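This report concerns only the one structure given below.
The values are calculated or read from the model by the stated rules, or taken from the named source; none is laboratory data. Note that the coordinates shown come from a computational prediction; the quantities given were computed from them, not determined experimentally. Here the Cβ is made from the backbone with ideal geometry for all residues, glycine too, and neighbour counts use every protein chain on show.
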Amino acid sequence: MTQCPYAAALFTPEFVADPYPAYAGLRQDARAHRITLPGGVEAWMLTRYEDCRRAFLDNDSYSKDMAGTWTAFQEQRVPITGDVVIGMGDSMLVSDPPRHTRLRALVSKAFTPRRIEALAPSIEATATRLLDGLLARGGELSGRADLTTEFAALLPMEVIRHMLDVPAEDGERLRRAVEAVMSNDEDSRDAAMAAFQEVHGYLAELVKRKRVEGGDDLTSALIDARDQSDRLSEDELVSMLALLLSAGHETTVNLLGSTVLALLRHPDQLALVTREPERWPDAVEEALRWDGPIQNAIWRFTRKPVTVGDITIPAGEAVALSVAAADRDPARFLNGEDFDVTRGDRTHLAFGHGIHHCLGAPLARLEARIAVPLIFAKLPGLALDGAPSYRPSTVSRALSSLPVTFENVG
């Protein structure tokens with residue numbers, strides 16, 4: 001098939017800054033596209049809402065098992081880029097039923113709604129402390145901040161660090177390692193693999209320590225989680241902690257930044273939620289749809305030939321489900337290119353769909369619902385101070401910098 005010109009524009013610097021024109025072109029051109037990712041990895045991409053939703057649900061046609069299904073990987077024809085590194089490990093993210101069912105059930109016993117909701121006071125306290133720190137600065141830093149590096153990147157790591165009982169002095173190291181894994185552009189493949197190994201090595205030592213010490217933390221709860229005689233193996237434990245660490249940090253960092261940026265760029269919507277504070281959760285949901293934290297869901301692999309429209313994807317191929325494109329599909333969302341907090345439609349795919357729906361979605365939502373209103377309340381007159389920048393990634397929609405100014409009334 002002839003490559004659509006929009007496919008050739010993927011992952012360029014212009015695309016990283018604003019991917020949505022290319023996604024709109026792909027959506028309109030065809031229902032499936034053959035694409036080349038940074039580093040030379042070949043894959044397919046689906047961009048329409050209904051096609052992505054069906055693929056999320058079709059576990060007979062699609063697998064998450066990279067090693068067991070992807071022909072090019074089995075034949076060692078795939079360069080080890082960041083995308084490939086993300087697919088490694090031993091977690092439920094890269095597992096199919098019945099193994100996925102077993103792992104998710106065990107993790108759910110530890111990662112409970114009660115445990116998440118109990119975090120609300122500490123999330124608010126941590127967010128307040130970080131924002132007060134920005135307000136207290138004098139000199140050239142007075143009234144200025146990079147909300148990505150000085151707030152959004154710090155809050156989620158503090159939250160997940162406390163949940164896992166990671167010492168404070170190790171939080172920054174793990175944050176940088178997680179970002180290196182997710183920043184899977186062409187130039188970062190070696191760094192991604194090294195960071196992946198660093199995270200897994202660190203967490204293996206954490207598990208050893210917590211087996212001895214115990215405690216009322218998520219790591220200890222996962223060690224203790226069992227279903228009758230079944231429990232997580234050592235490799236499964238480490239991979240699960242790595243998944244919770246990376247997903248619990250990356251998605252929330254991106255969500256915080258994108259929600260603030262969307263509201264700053266749409267002052268009418270910001271004025272609305274300020275007048276009607278009960279709409280803050282709606283603002284978070286609309287940000288998830290309009291400019292969500294994940295562009296492309298972690299790959300699926302075709303178990304058999306899959307027909308999408310008039311295109312047949314062969315068995316053994318990698319498929320990216322572009323939730324960023326799907327969540328602006330005009331066939332599903334009227335005026336989908338508009339940011340509208342009154343939309344009232346929460347059927348977006350930002351956290352996936354089906355059995356692989358993100359387990360950490362309630363935590364990301366909780367952090368955003370607490371932190372975003374606090375940002376605007378504590379930083380009066382918040383405004384952009386130049387253009388934001390994004391970290392190159394084929395998976396995440398990740399702000400690397402969000403420069404702002406505010407009135408330092410202290």
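Brief remarks on what is shown
- The helices (runs of 4 or more DSSP H) found wholly in segment 163-278 and carrying at least 1 residues that are under 17 Å from residue 398 (Cα atoms) and without any contact (Cβ under 8 Å) to a residue 24 or more places away in the chain occupy 171-182.
- Scanning segment 229-282 for residues that are of a type in the set (Asp, Glu) and either under 19 Å from residue 339 (Cβ atoms) or modelled with pLDDT of 95 or more (or both) turns up 268, 276, 278, 282.
- Boolean, residue 93 is assigned to a helix (DSSP H, G or I), crowded, with 19+ Cβ neighbours inside 10 Å and modelled with pLDDT under 85: yes
- When residue 243 is tested against (1) more than 30 Å from residue 219 (Cα to Cα); (2) of a type in the set (A, V, I, L, M); (3) buried (at least 20 other Cβ atoms within 10 Å of the Cβ), exactly one condition is not met: (1).
- Segments classed as helices (runs of 4 or more DSSP H), wholly inside segment 1-84, with at least 2 members that are over 22 Å from residue 353 (Cα atoms) and either over 23 Å from the mean Cα position of the chain (by Cα) or at pLDDT below 95 (or both): 5-8, 13-17, 20-29, 66-69, 71-74
- Segment 18-68, residues that are surrounded by 15 or more Cβ atoms within 10 Å (Cβ to Cβ), of a type outside the set (Ser, Thr, Tyr) and within 17 Å of residue 315 (Cβ to Cβ): 32, 34, 43, 44, 46, 55, 59, 64, 65, 66
- Test: residue in segment 143-157 that is among the β-branched types (Val, Ile, Thr) and surrounded by fewer than 20 Cβ atoms within 10 Å (Cβ to Cβ): yes
- Count of segment 359-410 residues which are crowded, with 16+ Cβ neighbours inside 10 Å, farther than 30 Å from residue 242 by Cβ and either among the aromatic types (Phe, Trp, Tyr) or at pLDDT below 95 (or both): 3
- Qualifying residue in segment 300-319 (condition: of a type outside the set (D, E, K, R), in contact with a His (Cβ under 9 Å, 6 or more places away or on another chain), at negative phi and in contact (Cβ under 8 Å) with a residue 40 or more places away in the chain): yes
- Selection status of residue 135, within 16 Å of residue 360 (Cβ to Cβ), at pLDDT 90 or above and surrounded by fewer than 21 Cβ atoms within 10 Å (Cβ to Cβ): no
- Comparison of 344, 316, 336 shows that the only residue that is surrounded by fewer than 15 Cβ atoms within 10 Å (Cβ to Cβ) and either under 23 Å from the mean Cα position of the chain (by Cα) or at pLDDT 95 or above (or both) is 344.
- Within segment 151-200, the set of residues being modelled with pLDDT under 90, β-branched (Val, Ile, Thr) and out of contact with any His (no Cβ under 9 Å at 6 or more places or on another chain) comprises 181, 199.
- Considered as a group, the residues in segment 96-117 that are modelled with pLDDT of 90 or more and outside any helix (DSSP H, G or I) include one that is farthest from residue 63 (Cα to Cα), and that residue is 98.
- Residues located in segment 46-81, provided they are farther than 30 Å from residue 332 by Cα and basic (Lys, Arg): 77
- Qualifying residue in segment 135-142 (condition: aliphatic (A, V, I, L, M) and within 30 Å of residue 318 (Cα to Cα)): no
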